[in-house]
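Worksheet: the structure to be examined is printed underneath.
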Amino acid sequence: MTRGHAALSALAERAGILSQYVDAHGRVRRTSEAVRSALLAALGLDVSTARAARASLAEWDQREASAVLAPVSVVTTRRGGRIPVNRGPLGGAGRYVLEVVAESGAVHRREGRFERDGRSQVALPRDLPVGYHAVRLRIATRGGERQLEQALIVTPPQCPTVARRLRQRRVFGVSVQLYTTRSSRDWGVGDLTDLHRLARWAASRGAAFVGLNPLHALRNVDGAISPYCPVSRLFDNPLYLDPAAVPEFASCSAARQLVAGAAHRAARERLRDSDRVRYREVTELKWAVLRLLHQEFRSRHGDGATTRGRAYRRFLAMHGSALIDFATFVVLHSRSDSGDGLPGVPPALASPTAPGVPAFRVSHAEEIDLQCFLQFELDRQLRTAARNGLPLGFVSDLAIGTAPRGSDVWAFPRLFPSGAHLGAPPDLDLPEGQDWGLAPLHPHRLRTDGYRYWIAVLRQALRHAGALRIDHVMGLFRQYWIPPGGSPADGAYVRFPAEELLAVLAVESSRRQALVIGEDLGTVPRGLSTVLRRWGILSTRLLYFERERSGTFRPARAYSRRAMVAANTHDQVPLAGYVTGRDLELRRRVGAIASDAAHATLQARRAREVRALLRRLSRAGLLPAGDKPPPPALLSRAVHTFLARTPAPLLALNLDDLTGETEPVNLPGVGLDRYPSWSRRLRLSLERLSRDRGVAQAMGDQRGRSWRS
């Protein structure tokens, strides 16, 4: 091994690039030198030559050796706390003064003495509250005096537990991709008024929660509509606003006249009747009205003298510069015809701190204020929707990342490495792997920044939720990075500071008393479930995947006692399409299945799976014996009754299964140019849900889980 190669390997290990992983087939996949080099470069390390790699490694080692305090320390309320101090760079005995500045501003102080060289620990003051505090450590030795700082996270031992939050009950809820819902009054997409109505209907049936897709901000144009590829995880999508529910609608004659007009009414009806969400058209239809409502708001409440005006001022103050940056980005982006980014934007506008941004904000002040107002109203409408009678409330969904040319990347450029995408390695279902096109976070800079971005993301996701689902929770431990120009098979895993990320998660979830559910499916490392259990995070278990090696579906009693169970999610086909192989037909049609022979093989495998499922349901006394699937409502009833018998505390009924949908809302690994994922709407309207006998039947026997029982 050459010195350059050894330095590259050592540097990759320091940076957290795993040298190998075990794939879905049980084979060891080793990380090539080319991939290590590309990912190190993405992390900002110079490995362009063997000499540069050695220099980068020496600099890394020197930085670690000279660090007296780590950027962050985590202590739990149960164990109390000490922070490690590396006194090697200081030398000699000496005294120290420790100050801990709490979030509240209170200062806790203590003094002590170091007696020996080397590594020591400094005891923290007792009874520090849960939260984020600043450590200031002043050390005086014969060699001089040093002033040091560190971010301190004081965390509860776990996230809130099911036993405490649900009073030991097993409950069920309904999961929905909100944009798919339809009603007699919608404008071509499900909105927050529809969400309120759906939640109240679910509560009337004994449900404890409604699970949602991510509501993150999107561009809402062709190619940029996936809720799992947002422009920002810090703010929401104005597409979900109900313009008629904005308080100013009642007093704005211009908006009411526009909505009452024949052209607007015809456009709404056409979009409402469409079997797909027409994102760009819906956005334009709503924007015309929302602009008028913003003008009405400014004329009535812009001086901040009214109750609503004061609430807006508080909202602006709470979100601070992050909201202004997001609003600036949206306005800046709206002036570009780019597909997913900002080509043509001069360097003077390349980031919030760029020299041309202040003048841009002045010249576009009203447009920027409009975007802030929309986020303010989104928050109000979501808060209203959350008053719904559901004991647990909403289960919000957090995407694993953001679009590479989105608002978060523009606002926090140092936190997002360029030159790599997030994705997933090849597995049994998708042998080609997946490139999600998402921008990864820089794990080391995220840490040195005290996790401020991660804290803000969690607060946004939890603000009106009783639980949080984290998509691809393994991303808190390691993420699969694909280098520039590479295929998903060319990627490697990058390690993340999981314990510190989980500590922040425990702090934020405990403040909201919210449950946390990790989506831990697919290729996951050993020990992941143990760590999730230790932190009080529920797992995810899906009917489709709960099978033995022989292919037999597991009995209900064999399911996890610490999971949310469901038949499927947005990444799988609904039950009615599963038993007919509808997803396989679609994948063959778009070329994701390469040949008729491969399609036939997968169809045969699916037929065996369906027969195995029917046998399990028959043995449970939920279906008569036989190999022919029953009608969709009866199949859903049997499946949901079966899942209700599992010991899992949470059961999610997919609204797609209740309404008998056959087509998946998403075909993983297939681009929007080949299949219109994230746009299919439900067949049944919300008005029909409450009176449709098939829907009531499909819910199954939930008496043991109903909150009303």
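Taking neighbour counts of Cβ atoms within 10 Å as a proxy for exposure, in what order, fewest first, do Thr523, Thr530 appear? It would help to have the intermediate numbers written out before the result.
On the way: Thr523 17, Thr530 9.
If I rank by nearby Cβ atoms, fewest first, I get Thr530, Thr523.
Tell me, in nm to one decimal, what length is gained between Asp701 and Arg414 on full extension, where the rule is 0.36 nm per residue of separation less the Cα-Cα distance?
Working: separation 287, 0.36 × 287 = 103.32 nm, distance 5.17 nm.
Length gained between Asp701 and Arg414: 98.2 nm.
Along the range 245-261, what does the Karplus equation 6.51 cos²θ - 1.76 cosθ + 1.60 (θ = phi - 60°) give for ³J(HN,Hα), rounded to whole Hz, x for Gly and Pro?
3J(HN,Hα) across the range 245-261, in whole Hz: 8, 5, x, 6, 4, 5, 9, 9, 5, 5, 5, 5, 5, 5, 5, 7, x.
Quick one: what Rg and Dmax do you get for the range 79-155 from the alpha carbons, in Å?
Rg, Dmax (Cα atoms, Å): 12.6, 36.
Under the rule of at least 5 residues apart or a separate chain, name every residue whose amide H is placed under 5 Å from the amide H of Ser677.
Leu667
Explain nothing, just the number: dipole magnitude of the range 632-687 about its Cα centre with +1 on each Lys and Arg Cβ and -1 on each Asp and Glu Cβ, in debye rounded to the nearest 20.
Values: 6 positive and 6 negative charges, 23 e Å.
It comes to approximately 100 debye.
Work out from phi, with θ = phi - 60° and the Karplus expression 6.51 cos²θ - 1.76 cosθ + 1.60, the ³J(HN,Hα) of each residue of the range 573-588, listed in order in whole Hz, and give x for Gly and Pro.
Result, rounded to whole Hz: 6, x, 4, 5, x, 5, 6, 9, x, 4, 5, 5, 4, 5, 5, 5.
Where the only charges are on Cβ atoms (+1 Lys, Arg; -1 Asp, Glu), what is the dipole of the range 606-709 about its Cα centre, to the nearest 20 debye? Show your work: numbers first, answer last.
Values: 19 positive and 10 negative charges, 79 e Å.
That gives a dipole near 380 debye.
Pull out the extension gain between Arg314 and Arg265, defined as 0.36 nm times the separation in residues minus the alpha carbon to alpha carbon distance; nm, one decimal.
Contour length minus the Cα-Cα distance gives 14.1 nm.
Once you treat every alpha carbon in the range 551-709 as an equal point and sum by Debye, what is log10 I(q)/I(0) at q = 0.09, 0.12, 0.18, 0.20 Å⁻¹?
So the normalised log intensities work out to -0.32, -0.57, -1.20, -1.37.
Mind checking which of Val176, Ala467, Ser48 is farthest towards the positive end of the chain's charge dipole, using Cβ charges of +1 (Lys, Arg) and -1 (Asp, Glu) about the Cα centre?
Ala467
Determine the dipole magnitude for the chain: charges of +1 sit on the beta-carbon of Lys and Arg, -1 on that of Asp and Glu, nothing else is charged, the reference point is the Cα centre, and the result goes in debye to the nearest 20.
Values: 103 positive and 67 negative charges, 554 e Å.
Charge dipole of the chain: 2660 debye, to the nearest 20.
Please work out the Cα convex hull volume for the range 1-155 and give it in Å³ per residue.
Values: hull volume 27.3 nm³, N = 155.
With only Cα atoms used, the range 1-155 gives 176 Å³ per residue.
Give a quick list of GluC sites (Glu not before Pro) in the range 489-554 that DSSP marks as loop, anything other than H, G, I, E or B, with at most 10 other Cβ atoms within 10 Å.
On the way: sites: Glu499, Glu500, Glu508, Glu519, Glu546, Glu548; in loops: Glu519, Glu546, Glu548.
Answer by residue number: Glu548.
For the chain, take the longest principal axis of its alpha carbons; what is the angle in degrees between that and the long axis of helix 365-385, to the nearest 10 within 0 to 90?
Taking Cα atoms only, the helix is inclined about 60 degrees.
Between Asp596 and Arg276, what is the FRET efficiency for a Förster distance of 25 Å, r being their Cβ-Cβ separation, to the nearest 0.05? Working shown, then result.
Details: r = 28 Å, r/R0 = 1.13.
For Asp596 and Arg276, the calculated efficiency is 0.35.
Can you list residues from other chains, or at least 5 along the same chain, whose modelled amide H is less than 5 Å from the amide H of Leu651?
Hits under the 5 Å cutoff: Val171, Phe172, Gly173, Val565.
For Thr76, what residues show an amide H to amide H distance below 5 Å, using hydrogens built from the backbone and excluding near sequence neighbours?
Distant-sequence amide H within range of Thr76: Thr155.
To the nearest 500 deg cm²/dmol, what mean residue ellipticity at 222 nm is calculated for the chain from DSSP H runs of n ≥ 4 alone, each contributing -39,500 (n - 2.57), summed and divided by the residues? Working shown, then result.
Values: 23 runs with 263 residues, N = 709.
Only helices count here, giving -11500 deg cm²/dmol.
What order do you get for Phe416, Phe360 when you list them from fewest to most C-beta neighbours inside 10 Å? Provide the component values of the computation, followed by the final result.
Working: Phe416 23, Phe360 17.
Ranked by crowding around the Cβ, least crowded first: Phe360, Phe416.
Can you give me the angle between helix 262-273 and the longest principal axis of the chain, using Cα atoms only, in degrees from 0 to 90, rounded to the nearest 10?
90
On C-alpha positions alone, give me the angle between the axis of helix 307-334 and the longest principal axis of the chain, in degrees, nearest 10.
In the chain, helix 307-334 runs at an angle near 90 degrees to the longest axis.
Would you work out the relative contact order for the range 79-155, in percent, from Cα pairs under 8 angstrom that are 6 or more residues apart? Spell out each step's value before the answer.
Numbers: 160 pairs, mean separation 27.2, N = 77.
Across the range 79-155, relative contact order equals 35 percent.
When averaged across all projection directions, what area in nm² does the alpha-carbon convex hull of the range 557-638 cover? If you can, show how the numbers build up before the last one.
Numbers: hull surface 25.9 nm².
Seen from a random direction, the Cα hull of the range 557-638 projects 6.5 nm² on average.
Would you mind calculating the gained length between Ser351 and Ala365 on full extension (0.36 nm times residue separation, minus the Cα-Cα distance), in nm to one decimal?
Values: separation 14, 0.36 × 14 = 5.04 nm, distance 1.73 nm.
Difference between extended and current length: 3.3 nm.
In what sequence do Ser48, Ser679 fall when counting other Cβ within 10 Å, fewest first? Please report the intermediate quantities before stating the final value.
On the way: Ser48 12, Ser679 20.
With the sparsest Cβ surroundings first, the list reads Ser48, Ser679.
I'd like to know which of Leu622, Ala592, Trp678 lies farthest towards the positive end of the charge dipole of the range 557-680, counting +1 on Cβ of Lys and Arg and -1 on Cβ of Asp and Glu.
So the residue we want is Leu622.
None of the figures in this text is laboratory data; all of them are computed from the coordinates on show. Since the model is a prediction, treat every value here as computed from it, not as a measurement. Don't worry about glycine lacking a Cβ; one is built from the backbone with ideal geometry, like all the others, and counts go over all protein chains shown.
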